[in-house]
Amino acid sequence: MLIQINGKLMPQSEAKISILSTAFLYGQGVFETLRTYGNKQIFQPKLHLKRLAASAKTLQIKLPPLKTIEQNLQTLVQKSPHNLQRLKIIAIPEHIIITTIELTEDPKL
């Protein structure tokens with residue numbers, strides 16, 4: 001798993017969020033899950049980011065520009081060794097967290 005917090009790539013062992021974060025104290029946060037196809041193409045990133053922004057606005061969570069988040073997504077996807085990936089964006093008042101993990105598909109489906 002690759003993790004990026006506020007645009008900084010880090011190993012999972014170094015990824016830490018304070019237990020005093022409002023995300024933990026009050027359950028405040030929004031998330032979006034995306035995926036990649038083929039040669040690391042993110043499926044409809046603008047649509048997902050637009051939805052993330054609308055949800056964040058409802059909870060009064062300030063986001064960096066969506067273009068910045070999209071660039072961070074692209075960077076993380078390219079650093080991953082996997083073509084098929086599941087991406088998770090978690091927006092909490094203090095941080096924007098993006099994770100990626102290999103997406104495995106059941107060939108029987």
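Given a cut-off of 22 Å, name the pairs among 57/88; 40/88; 46/79; 57/79; 16/46; 16/50 whose C-alpha atoms lie farther apart than that in the structure shown. From the list (57/88; 40/88; 46/79; 57/79; 16/46; 16/50), the Cα-Cα distance tops 22 Å for 57/79; 16/46; 16/50. Considering all different alpha carbon pairs of region 33-76, the Kirkwood hydrodynamic radius works out to 11.1 Å.
Computed over neighbours whose Cβ is under 12 Å from that of residue 53, the net charge equals +4, Lys and Arg +1, Asp and Glu -1. Relative to the longest principal axis of the Cα atoms of the chain, the long axis of helix 66-79 lies at roughly 40 degrees.
Distant-in-sequence amide contacts of residue 35, defined by a placed amide H-H separation under 5 Å and a gap of 5 or more residues or a different chain, comprise 43, 87. Where (i) 16, 53, 29, 2; (ii) 14, 46, 31, 8, 0; (iii) 15, 44, 27, 13, 1 are the candidate values, the label of the one calculated here for P(r) over Cα pairs in 10 Å bins from 0, in percent is (ii).
Remark: the chain carries 65 Å² of accessible area per residue (probe radius 1.4 Å; ligands, DNA and RNA excluded). Helical content of the chain, expressed as a calculated mean residue ellipticity at 222 nm, amounts to -9000 deg cm²/dmol (DSSP H runs of 4 or more residues, -39,500 (n - 2.57) each, divided by residue number, nearest 500). The chymotrypsin sites (Phe, Trp or Tyr not before Pro) of region 1-90 that meet both conditions, a loop assignment by DSSP and at most 12 other Cβ atoms within 10 Å of the site Cβ, are 26, 43.
Using a probe of 1.4 Å on the protein chains alone, the accessible area found for residue 8 is around 130 Å².
Share of the chain's accessible area from carbon and sulfur, percent, 1.4 Å? C and S fraction of accessible area: 57 percent.
The values are calculated or read from the model by the stated rules, or taken from the named source; none is laboratory data. The model shown is predicted, which means the values in this text are computed figures rather than measured ones. When we count neighbours, we look across all protein chains shown, and the Cβ atoms used for this are built from the backbone with ideal geometry, even at glycine. With ligands, DNA and RNA removed, areas are computed over all heavy atoms of the protein, side chains included. Shrake-Rupley method; radii C 1.70, N 1.55, O 1.52, S 1.80 Å.
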